[in-house]
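Some notes on the structure that comes next.
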Amino acid sequence: MKAFRTLAVVLAAMACMAAASDPSERLPDPAQEARARDLFKEVRCLVCQNESIDDSEAALARDLRLLVRDQVKQGRSDAEIRAFLTQRYGEFVLLKPPFSAGNAVLWLTPLAVLLAGGGLMVALLRRRRSPEAAPEALSAEEEARLKGLLEGE
């Protein structure tokens, strides 16, 4: 029974893998197909946004796979294909975009906000604890009046 389950799982996995890529779309050269598949893992599906085009079943992901395969078939390098996709769809199309000033701003802004908030909090706490902010002692006249009010005079 256990062997039957294992066989069923293996067959189901193979069926899923076969369904993931239409054989008619594959490149005839295995080296080119392998290169295209590696590029698929680096390109974001613009519909799903958190999946690569290799994992996505969206129609746009299929179109991007065909586009990448066509570029590989034409003999373009991986860098040229990435540049083409970035020019056409923007840096968002890459799952791991290259470091740039724009990306640095996006990544460092939350850190800057946290540091500024922490600095403001420290400044407010120091100001609260400063001796000049402490209340002054009551004069003898004020203490007598307060005592009278508390006793009910």
Given the criteria touching a helix residue (DSSP H, G or I) at 6+ places or on another chain (Cβ under 6 Å) and touching a residue at least 40 places away in the same chain (Cβ under 8 Å), does Arg44 qualify? yes
Go through the stretch 35-85 and give me each residue that's assigned to a helix (DSSP H, G or I), open to solvent by 50 Å² or more (accessible area, probe 1.4 Å) and among the small types (Gly, Ala, Ser). Ala59, Ala79, Ala83
Picking from Arg88, Arg65, the residue that is in the same structural domain as Glu33 (by TED's automatic domain parsing) and either in contact with a Gly (Cβ under 9 Å, 6 or more places away or on another chain) or touching a residue at least 40 places away in the same chain (Cβ under 8 Å) (or both) would be Arg65
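The values are calculated or read from the model by the stated rules, or taken from the named source; none is laboratory data. Note that the structure is predicted; figures quoted are calculated from it, not measured. Glycine gets a Cβ as well: all are built from the backbone with ideal geometry, and neighbour counts include every protein chain shown. Quick note on the areas: whole protein, heavy atoms, side chains included, nothing else; ligands and nucleic acids left out. Shrake-Rupley method; radii C 1.70, N 1.55, O 1.52, S 1.80 Å.
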